[in-house]
1. For Ala190, list long-range residues whose amide hydrogen, built 1.01 Å from N in the peptide plane, is under 5 Å from its own amide hydrogen.
2. Residue-wise, which Karplus ³J(HN,Hα) couplings in Hz belong to the range 488-505, taking 6.51 cos²θ - 1.76 cosθ + 1.60, θ = phi - 60°, and x for glycine or proline?
3. Would you list which lysines come within 20 Å of Lys395, measuring only between C-alpha atoms, while excluding same-chain residues fewer than 8 positions from it?
4. Under 21 Å between alpha carbons, and skipping anything fewer than 8 positions from Lys676 in its own chain: which lysines qualify?
5. In the chain, what percentage of the DSSP-assigned beta bridges are antiparallel, given to the nearest 5?
6. Compute the relative contact order of the range 200-295 as a whole-number percentage, counting only Cα pairs closer than 8 Å that sit 6 or more residues apart in sequence.
7. Got a sec? How would Asp117, Asp199 order by Cβ neighbour count within 10 Å, fewest to most?
8. Is the shape of the range 513-588 best called rounded, prolate or oblate, per the rule: a/c under 1.5 gives rounded, else a/b larger than b/c gives prolate, else oblate, with a ≥ b ≥ c the square roots of the Cα gyration tensor eigenvalues?
Amino acid sequence: MLFLFSISWGPVSGWWALACLALGILYAWLLYRSPNQLTNPWRYILGAIRLIVVAAIALLLLSPMVKTVSSRPEKPLILIAQDNSSSITLFKPQTFDPSGFINKLGELRKSLGNDYDVREFHFSNNLKDNLSAKFDGKQTDISAVFRDLTDRFGNQNIGALILATDGLYNKGSSPQYLAHRLKTNIYTIALGDTIPKRDLVIGNVNYNKTAFLGNDFEIEVLTGAYQSKGENIRMNVAEDGRPVSNQTIAIPSNNFRRAITLKLHADKKGVHQFTVSLQPIANEISTANNMETIYVEVLDTKQKILLLYNGPHPDIGAIRLSLENNRNYELKTSQVSDADLTKLSTYSVVILYQLPASGFTMPSSLANQLGKLKIPLWYIVGAQSDLQAVNRLQKIIQINAGRQDVQEVFANPVSGFSAFTLSDSTRHELSLLPPLLAPFGNYSAPSAQSVLLKQKIGNVETSYPLLAFGEDAGIRMAVLTGEGLWKWRLAEFAVNGNHKAVDELLSQSVQYLTAKGIHSRFRVYPAKNAFDESEEVILNAELYNESLELVNTPDVKIDLKNKAGKTYSFLFSRNGRSYQLDAGTLPIGEYSYSASTKLGDKNLTTTGQLAIKPLNAETRESAADHQLLYSLAKENGGQMLMPSQADQLSSLIRKNENIKTIVYDDKTYRDLVDEKWVFVLIAGLLSLEWFMRKRNGEV
């Protein structure tokens, strides 16, 4: 690291230094112009010392600055990201040696030497440090590689990214959308085999996770057959082990795909396992992709929701899309002036979007009917809301605003909220979403425990509620104090390729409002009925005292038992006023659970079921997508290589003129008067002058 320094005069002209020098000369001449007892050599030496001291002191009065420049070189980063998913070895060419290839990638660090900073990673559904030869990942998310590397190294000198993968991804968005954010050269190593193999595949099963008792419902099975012309696809469907459907489809070509729709009947309440399987044919490369298991919950009720508004707004469409994804809900939207008040009693919850509105009087008959029927209400406040009327109609959140202005507020999830539980990933995503528009003013909520989201203005966390829940006159209510939910859905999809966080927030909110009451003082329920094999199993528990208040004083134990008889025992952790358990990942299978606790002198127990289903995403595609890898390399200044050419990477990187060390100059300024060496110099010269004068009898 190289240091250089110089003197900067700031607003004062550097010509004043000559004046300081002239002052020093004048002072020295006046003091030593007469010979006295000093000989000429001593007069000249002492005069020179006094000249330097006076000139230096005068110079310090001008407040000059010392500028220091330090040069800091930053070597280019070479990032190696290696696909660790199971498809790499499951459908590999015969000539590909996985462990040898990993060793070859590891040697790149040595061949590049000390001129580059090499970092190694492996990935499947997320990015992890170091290379790996296990190839056991159950999902592939290439977009997560670019997202995570951009977050970690986006402001550094990234010379190149070496991406070794087969180009197949089954999670996240297209990597081409995020590759440009990394702003570096991308070299791809094309793993896998693009030649189709003889194989029958269940590509995906599209279905609704819920159905209603007594109704028919459909599932769509995406099937594929490769290099199997003239054969037949024999599909069987079993419900809880009992055959319920079968179908035979002829295969007319070697690259055959078809979506097959099956109609099934919901004849029994509860969670049911449906197994879709394809009968194997001779010489298939893999039969692991011939079967898919899904779980459908059959319900005997359906919640009807009414959304009323005064004027159109994109939020209305966003709410509709989120709630209609949940088959438990049937949503109807209507302008308040067109609402049929005679059918209000058929709805489980009413969403009042920016109602009451400024300049619009909500029909008194509507307000009276809502109060009389005690229908749960959700107020969504925005720029058009009549805040005084909203304050009169509910006591969950009070807004004191002197004028009809709005401000941008971000969502800040509250850890102590216990009315219901959101997943950690959803809480994290909500904190990253763009701001909503909330009325400008002062906010208050009677109970801090009822607040799920607080407002964050810029980087300042406030106590103002953004989303709160509670009861008012025996009616469950929710209040959201901001508009712009449509921006949340767009932003989440742009980053993650889905709307999971927003959908979960809205569905859980409506589920709280539509709850008919507490049927049991002790409840245990999983976050969902079926988890993927690599997914953490989350369970929630609620315990109510005699006054039906949430408490979590006693311990809650749970035993999870699979069909083989193996039992997993856990103890719930306290979360706010309720309980939560992260049981981690569990083996594939169906589990029954029994939870117990003791409140006072009463022993309380509850039971239920959940399932861990296999994740077959990596077996659904056997032919690698090298076209994607070619496009990534071409669009980002790199080159696509085959595994046998990996040893060429070192020379390609060295020849790339865009990959080079960057030197940063750091400049700092300090007052010269603050430099200790200046003080030492002046004091030393004055002391030396005094000693010489003393020695020659001048003092």
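1. Leu641, Met642
2. Those phi angles translate into 4, 5, 5, 5, 5, 5, 5, 8, 10, x, 7, 10, 4, 5, 5, 4, 5, 4 Hz.
3. Leaving aside lysines fewer than 8 places away in the same chain, those within reach of Lys395 are Lys372, Lys374, Lys454.
4. Lys67, Lys667
5. In the chain, approximately 70 percent of DSSP beta bridges are antiparallel ones.
6. 35 percent.
7. Values: Asp117 19, Asp199 25.
Neighbour counts put them in this order, fewest first: Asp117, Asp199.
8. It comes out prolate by the Cα gyration axes.
Any read-out appearing in this document is the output of simple, stated calculations on the displayed coordinates, not a laboratory observation. Keep in mind the model is a prediction, meaning the values are calculated, not measured. Methodologically, a virtual Cβ is constructed for each residue, glycine included, from the backbone with ideal geometry; neighbour enumeration extends over all protein chains shown.
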